[in-house]
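> The following block contains the structure, expressed as structure tokens.
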């Protein structure tokens, strides 16, 4: 019964997505275009990767508000390093970005798991700390396109068998989570580890995404990825992940990511001011959380009713 | 005999309020060594302008966290209230009383909306107010875009910039002191305050003992909305302009102040004295960092660490205390 409802949820999302695409392409003929769809997929691939991390964190009933700052700090650090030491091979920079993200995420994870501070407080604090450090390392300056080599900028654009590198990586992350979901069902073996892992993994993903982000948009600044926290949470909640933790599917989150990506892209396509983005995402989260809660309550009532029979 | 005496001194020293007070003294000493003008009464009164608006939201946030809830939408409420005041002043030529009314009403309505969704639909406060943080500021962005409203009437400036009579005492500060006294009395001397602690300690037990938990939580959210509206009126009046990014990031500082003031993040404990000392300490610390030209984003590093330390310290102190107590009992 429970599985059926979950399946239904993803099906509704899918129908909603198709419906949205049809409506938008009626309004704007430029929307249904392979190049535009590649753009959407490239943009959403970054979101998808971090949303997978956020998904893991929410699964343990946590929340990570520091992802945007982690992306910005890792991205800025590697961009600066690349600017002053262009001789460092790209391969090393990729590793370094993951390492930076790993340390930032681990700091969150240690505070949550070992010291028992609620995730929202930890990440509210580290959001300020990491964002502040972006300013400290950069001195408030930007790293812009002409200060990056072509090899650096082409990093996310390289294709792999016709599939963008970004997508390829996102796919691998999903399998990672698939493994972790099974692991998380065996909670109780090592609760501290289970509470640390999602933050550490999210941080590592954010490190890599930070590099891809500054390479893709060819600029690193103090306010890089400022609204990213909300987008990742929105993607999870829209995808049917319960904010109380413990339920949700990767497919749902992916559909949530795509839905947000299509909406963001469509806003510019049908000439709606980008100022709508923030409010719209807030509204989407609110509506999705309300629907999730009501659906959960209904399934619970159903289960109780069945037991009574 | 001797041991109980040392224990009681130790006990007093270990009170969070006392530790906070010493931290406040350290901040004042450091600040006055940074600038010879700091310890001037007029100057100190002027510095309070920088934190009274936040301090006014800290008070209802204290109620909310004592109840084991949280509201991270406060800065969004400020932006939305300020935006509506801006519209009224720009397009309708609203006077000062009307602007105050609009600011307060916007805050109250948003607070009621939050409270309704949280208590009636039963969605966790963190999810609702997180969405609210972006929704409310997002509406301000939709309405204002990259425009700023600066057409406020001259008399409006008094609220945020004026002083009482011919003295140098800011109107805002007096307003805050009155509110702090009221909140202190309500928290420590009324049944409403006792109910807050009861809900924070164990909401199920509180419900079974006849407390209407949801009504009190609803009232808290309406209250913080109203006071965020008030803070918005004061802030808009002080800086004389409205931009959609007004007061961004304030939720971090407000929650930090409450938690640093000794309010347990999972609810159930807290005192007005600790929170007020914490307001002064954080406000003066920010002022000191401003004296040595620390940029705002870098101040956030300090605030972030302070938030984490503020949560770690009381807990570990409590553990230390109980360890010492059990040791003495064993003796």
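The values are calculated or read from the model by the stated rules, or taken from the named source; none is laboratory data. What you see is a predicted model, and the numbers here were worked out from it, not measured in a lab. A quick note on method: Cβ atoms are made from the backbone with ideal geometry, for glycine too, and the neighbour counts reach across all protein chains shown.
> Being free of Cβ contacts under 8 Å to residues at least 40 places away in the same chain, within 13 Å of another protein chain (Cβ to nearest Cβ), surrounded by fewer than 21 Cβ atoms within 10 Å (Cβ to Cβ) and touching a helix residue (DSSP H, G or I) at 6+ places or on another chain (Cβ under 8 Å) narrows it down to one residue among A:111, A:96, A:115; which is it?
Every option except A:115 fails the conditions.
> Please go through the stretch A:268-308 and give me each residue that is under 16 Å from residue B:136 (Cα atoms) and within 8 Å of chain B (Cβ to nearest Cβ), ordered by number.
Going through the stretch A:268-308, the residues under 16 Å from residue B:136 (Cα atoms) turn out to be A:274-287.
Those that are under 16 Å from residue B:136 (Cα atoms) and within 8 Å of chain B (Cβ to nearest Cβ): A:275, A:276, A:277, A:278, A:279, A:280, A:281, A:282, A:283, A:285, A:286.
> Against the definition (crowded, with 24+ Cβ neighbours inside 10 Å, more than 14 Å from every other protein chain (Cβ to nearest Cβ) and either at pLDDT 85 or above or part of a loop (DSSP other than H, G, I, E, B) (or both)), how does residue A:205 come out, yes or no?
Taking the combined requirement at face value, the residue satisfies it.
The rows are residues; the columns are (1) buried (at least 24 other Cβ atoms within 10 Å of the Cβ); (2) modelled with pLDDT under 85; (3) at the interface with chain A (Cβ under 7 Å from one of its Cβ atoms); (4) in contact with a strand residue (DSSP E or B) (Cβ under 6 Å, 6 or more places away or on another chain).
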| residue | (1), (2), (3), (4) |
| --- | --- |
| B:124 | no, no, yes, no |
| B:140 | yes, no, no, no |
| B:146 | no, yes, no, no |
| B:149 | no, no, no, yes |
| B:157 | no, no, no, no |
| B:161 | no, no, no, no |
| B:164 | no, no, no, no |
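> If I ask for residues that are assigned to a helix (DSSP H, G or I) and at pLDDT below 90, which ones from the stretch B:37-62 would you list?
Answer for the stretch B:37-62, where residues must be assigned to a helix (DSSP H, G or I) and at pLDDT below 90: B:41, B:42, B:43, B:44, B:45, B:46, B:47, B:48, B:49, B:50.
> Quick one: is residue A:74 in contact (Cβ under 8 Å) with a residue 60 or more places away in the chain, within 14 Å of chain B (Cβ to nearest Cβ), surrounded by 24 or more Cβ atoms within 10 Å (Cβ to Cβ) and in contact with a helix residue (DSSP H, G or I) (Cβ under 8 Å, 6 or more places away or on another chain)?
no
> Another question, if that's okay. Out of the residues in the stretch B:247-263 that are within 11 Å of chain A (Cβ to nearest Cβ) and assigned to a loop (DSSP other than H, G, I, E, B), state the one that is farthest from residue B:23 (Cα to Cα).
The qualifying residue farthest from residue B:23 (Cα to Cα) is B:248.
> For the stretch A:77-93, which residues satisfy the criterion of being touching a residue at least 60 places away in the same chain (Cβ under 8 Å), over 16 Å from residue A:138 (Cβ atoms) and in a helix (DSSP H, G or I)?
A:90, A:93 - these are the residues of the stretch A:77-93 that are touching a residue at least 60 places away in the same chain (Cβ under 8 Å), over 16 Å from residue A:138 (Cβ atoms) and in a helix (DSSP H, G or I).
> Return only the number of the condition from (1) touching a helix residue (DSSP H, G or I) at 6+ places or on another chain (Cβ under 6 Å); (2) in a helix (DSSP H, G or I); (3) at the interface with another protein chain (Cβ under 10 Å from one of its Cβ atoms) that residue B:130 does not satisfy.
It fails just one condition, (1).
> Let me ask something additional. Anything in the stretch B:292-311 that is over 20 Å from residue A:133 (Cα atoms) and either loosely packed, with under 14 Cβ neighbours inside 10 Å or more than 8 Å from every other protein chain (Cβ to nearest Cβ) (or both)? List them, or say none. Write out each step before concluding.
Of the residues in the stretch B:292-311, the ones over 20 Å from residue A:133 (Cα atoms) are B:310-311.
The answer is B:310, and nothing else.
> Which numbered condition trips up residue A:61, out of (1) outside any helix (DSSP H, G or I); (2) at negative phi?
Result: residue A:61 fails condition (2) only.
> Does the stretch A:213-238 hold any residues that are away from every other protein chain (no Cβ under 14 Å) and crowded, with 23+ Cβ neighbours inside 10 Å, and which are they?
A:213, A:214, A:215, A:220, A:225 - these are the residues of the stretch A:213-238 that are away from every other protein chain (no Cβ under 14 Å) and crowded, with 23+ Cβ neighbours inside 10 Å.
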